[in-house]
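Q: Take this structure first; my questions come after.
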Amino acid sequence: MSTINHGNDPDKKGDALKAQRFQMLEDIAKELAGEVVFPTYFDAVLRLRKVLQDPNQSIGGIAAAVAMEPLISAKLLHLANSVAFNPEGRELVDLKSAITRLGLNAVRSAAMSIVMTQLLRAKGMAEFSALTHELWEHSIRSAAAARIIARGAPRLNADEAMLGGLIHDLGAFYMLYRATQYEELRHRPESVKYLIIQWHESIGVSLFSALGLPEEITEATIDHDRIRPTPDPVRTLQDVIYVANMLAGGHFEWIMQDQPNASMELAVLEEKYGHLKPEIEELTQQMRSAFA
């Protein structure tokens, strides 16, 4: 990895802190080249990923695999019976029917949501509680926005868009989790925030590849925090993730602190897509309840 310019870093405190930062980035690079380590429930998601990606796997086989993870099973049933996926009010009580109703991308989203909530609760994360809460709220809102935007775009899969919106900042969550392993960083959220601003997108892409997530979703998350002309209309999954991420707001004050013309471009985006915000807020509340 290249060196970092610390010129604008408000929390630079000595060579020990610099060394710890570089050590974390170096360790992350090594880990992403080998076996990725996450809290317990990530193991469950990695096991499920193999089943979900098998084109010859039946719904019954998927249901049997999901049933081995009680927490994921409960979340899927809850989500399948939420208003977002069950507007007619027909309650389901079996996992196979729930998976059929949700679709595989929504199942992946639910599994990933568990990973992310487990990250929030991992040992040592209390030091970063404000950052993790902000990122989690932003992720849920981005997932809701992506689903709603994609529903209005021809040839785009709303469930796949929801998954992309949910995990687009997984690199930031991963960096927060890894920062808990380093004494000098554990008590300096601002220093970790600086690293996230610089590296979360590129680390996220490497993380998605290491985890074997769909290439289309991985590519759609590239440069999602880089201001660009507002796509009108949205045509690709990358367009959807970008617009959803911008509409979701949240962490932009620090992610976009060095980007020129951000306010002007965001005003254009707000004018084009701001009318979707009430619908996004409604779905966000439903998803927050389902993923809690």
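The values are calculated or read from the model by the stated rules, or taken from the named source; none is laboratory data. Computed from a prediction, not measured in an experiment: that's the story for all the values here. Note that each Cβ is placed from the backbone with ideal geometry, even for glycine, and that neighbours are counted across all protein chains shown.
Q: Does region 123-160 hold any residues that are more than 13 Å from the chain's Cα centre (by Cα), over 24 Å from Pro233 (Cβ atoms) and crowded, with 18+ Cβ neighbours inside 10 Å, and which are they?
A: The answer is Met125, Phe128, Leu131.
Q: A further question follows. Does Glu215 satisfy being over 17 Å from Ala143 (Cα atoms) and free of Cβ contacts under 8 Å to residues at least 40 places away in the same chain?
A: yes
Q: Sticking with this one: Could you grab the pairs with beta carbons closer than 7 Å, sequence gap of 6+ or different chains, first residue in region 263-282 and closer than 19 Å to Arg141 by Cβ, second one of a type in the set (D, E, K, R) and part of a helix (DSSP H, G or I)?
A: Ile280/Arg141
Q: Of all residues in region 176-192, count the ones that are surrounded by fewer than 23 Cβ atoms within 10 Å (Cβ to Cβ), in contact with a Phe, Trp or Tyr (Cβ under 8 Å, 6 or more places away or on another chain) and either at positive phi or not β-branched (Val, Ile, Thr) (or both).
A: 2
Q: Output the number of residues of region 196-238 satisfying the condition of being buried (at least 18 other Cβ atoms within 10 Å of the Cβ) and among the charged types (D, E, K, R).
A: Summing the residues that are buried (at least 18 other Cβ atoms within 10 Å of the Cβ) and among the charged types (D, E, K, R) in region 196-238 gives 2.
For (1) touching a residue at least 60 places away in the same chain (Cβ under 8 Å); (2) among the acidic types (Asp, Glu), each residue gets a yes or a no:
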position: Gly61; (1), (2): no, no
position: Glu69; (1), (2): no, yes
position: Ala74; (1), (2): no, no
position: Ser82; (1), (2): yes, no
position: Leu92; (1), (2): no, no
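Q: Failed condition for Phe128, given (1) outside any helix (DSSP H, G or I); (2) in contact (Cβ under 8 Å) with a residue 60 or more places away in the chain; (3) more than 30 Å from Glu91 (Cβ to Cβ), with all others met?
A: With (1) outside any helix (DSSP H, G or I); (2) in contact (Cβ under 8 Å) with a residue 60 or more places away in the chain; (3) more than 30 Å from Glu91 (Cβ to Cβ) applied to Phe128, the lone miss is (1).
Q: Between a residue in region 161-173 that is β-branched (Val, Ile, Thr) and any residue that is at pLDDT below 85, which pairs come within a Cβ distance under 6 Å, given they are 6 or more apart or on different chains?
A: Within 6 Å, the pairs are Ile167/Met112.
Q: Please work out which residue is modelled with the lowest pLDDT, limiting yourself to region 73-86 and to residues that are out of contact with any Phe, Trp or Tyr (no Cβ under 8 Å at 6 or more places or on another chain) and assigned to a helix (DSSP H, G or I).
A: Applying the filter and picking the extreme gives Ala74.
Q: Go through region 36-62 and give me each residue that's modelled with pLDDT of 75 or more and in a loop (DSSP other than H, G, I, E, B).
A: Within region 36-62, Gln53, Asp54, Pro55, Asn56, Gln57, Ser58 qualify.
Q: When region 83-113 is examined, which residues are found to be surrounded by 16 or more Cβ atoms within 10 Å (Cβ to Cβ), small (Gly, Ala, Ser) and closer than 24 Å to Glu281 by Cβ?
A: Ala84, Gly103, Ala106, Ser109, Ala110, Ser113
Q: Further, regarding this structure: Residues that are not acidic (Asp, Glu): which helices (runs of 4 or more DSSP H) entirely in region 131-199 hold 3 or more of them?
A: Per the criteria, 158-167, 170-179.
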